[in-house]
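None of the figures in this text is laboratory data; all of them are computed from the coordinates on show. Note that this is a predicted model, so its numbers are computed, not measured. Ideal geometry is used to build each Cβ from the backbone, glycine not excepted, and the neighbour counts take in all protein chains shown.
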Amino acid sequence: MTLNIILLGPPGAGKGTQASRLEDEHGMIQLSTGDMLRAAVKAGTPTGKQAKAVMDAGELVSDEIVSGLIGERLDELGPDVSVIFDGYPRTGAQAESLDEILAARGRKLDHVIELLVQEDALVDRITGRFSCAQCGEGYHDRYKQPKVAGTCDVCGSHEFKRRPDDNEETVRTRMAEYRAKTAPILPIYEARGIVTHVDGMADIDVVNDAIETILSAATTG
Ligand code: ADP
Ligand code: ADP
Ligand code: ZN
């Protein structure tokens with residue numbers, strides 16, 4: 001059975017961390033518009049050039065651009081791959097586009113998992129975030145350190161990087177964008193009865209267990 005899941009939550013809620021666990025454990029594919037945009041910026045594509053300043057400011061890139069990226073990526077993956085949407089949709093217009101994008105490909109949204117977190121914990125999570133420059137594995141200065149200091153657990157690389165937008169000022173703008181534009185799309189999904197709330201303040205393994213329970217109910221029920 002092919003699953004289509006949204007992980008919803010403000011910046012730093014743990015979407016990327018949990019999506020990566022689901023990739024490892026279930027062979028699902030994470031579709032992160034943030035990762036796609038950062039790849040476009042790095043490659044210097046026209047999309048990347050347009051997006052860079054907006055991302056650095058913590059504002060939202062246009063709906064057309066991100067929905068276009070999602071459609072392209074789904075076409076590359078083909079019909080049989082289960083996917084996790086991470087950081088998309090972020091506006092009402094994107095939520096509408098996602099329905100159309102999925103329907104046009106014979107897919108349908110199975111579940112929306114909302115990670116509930118306290119806002120005052122998010123700045124701490126985001127300013128301590130870093131990742132492996134080689135394989136992209138995510139870490140945190142205090143909450144998820146590499147097992148051997150300075151060495152990536154996954155690929156052994158010694159090079160790490162931090163995102164330019166992971167500073168306190170930009171995070172505040174990103175949280176405000178989430179509150180104003182993204183949180184209001186939840187009722188659309190609530191009305192369909194497909195939303196489950198998970199305590200995102202719990203330890204990473206505990207959050208993962210809660211998501212696993214939801215997914216096994218979705219696949220058996
Ligand atoms: P998002 O993709 O929602 O922006 P991330 O998954 O990148 O969030 O997590 C933000 C930071 O917080 C990362 O450094 C990650 O290691 C850390 N983190 C993720 N989940 C938890 C958790 N449940 N408890 C503590 N820290 C976490
Ligand atoms: P986080 O992991 O902290 O939630 P993302 O990596 O998802 O952040 O996004 C980083 C930035 O990329 C956002 O602040 C925004 O500028 C842009 N972006 C990512 N996804 C979208 C989207 N669906 N719509 C508009 N802008 C997006
Ligand atoms: Zn690595």
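For region 111-206, the C-alpha radius of gyration divided by 2.2 N^0.38 Å, with N the number of residues, is 1.28. In a reduced charge model with +1 at each Lys and Arg Cβ and -1 at each Asp and Glu Cβ, region 98-221 shows a dipole moment near 360 debye about its Cα centre. In whole angstrom, region 13-85 maps to an equivalent ellipsoid with semi-axes of 23, 15, 10, each derived as √(5λ) from the alpha carbon gyration tensor and ordered largest first. Evaluating 6.51 cos²θ - 1.76 cosθ + 1.60 at θ = phi - 60° for every residue in region 76-82, the Karplus couplings come out as 5, 6, x, x, 9, 9, 7 Hz, glycine and proline recorded as x.
What pairs from 42/181; 147/181; 15/108; 42/144; 15/49; 108/144 go past 30 Å between their alpha carbons? It would help to have the intermediate numbers written out before the result.
On the way: 42/181 27 Å; 147/181 38 Å; 15/108 20 Å; 42/144 26 Å; 15/49 26 Å; 108/144 34 Å.
Too far apart for the 30 Å limit: 147/181; 108/144.
When each of the peptides 56-63, 28-35, 203-210 is scored by the mean number of other C-beta atoms lying within 10 Å of its residues, the order from highest to lowest reads 28-35, 56-63, 203-210. Once you reduce region 5-58 and region 174-221 to the center of their Cα atoms, the two points are 17 Å from each other.
Relative to the Cα centre, what is the charge dipole magnitude of the chain, using +1 at the beta carbon of each Lys and Arg, -1 at the beta carbon of each Asp and Glu, and rounding to the nearest 20 debye?
On the way: 24 positive and 36 negative charges, 90 e Å.
For the chain, the charge dipole is close to 440 debye.
Beta bridges from DSSP with both residues in region 88-221: antiparallel share about 60 percent, rounded to the nearest 5. Checking every one of the chymotrypsin sites (Phe, Trp or Tyr not before Pro) in region 62-145 against DSSP loop status and a limit of 12 other Cβ atoms within 10 Å picks out no site at all.
Contact order for the chain, expressed relative to its length and based on alpha carbon pairs under 8 Å spaced 6+ residues apart, stands at 28 percent. For the chain, pairs of C-alpha atoms spaced more than 21 angstrom apart make up 55 percent of the total.
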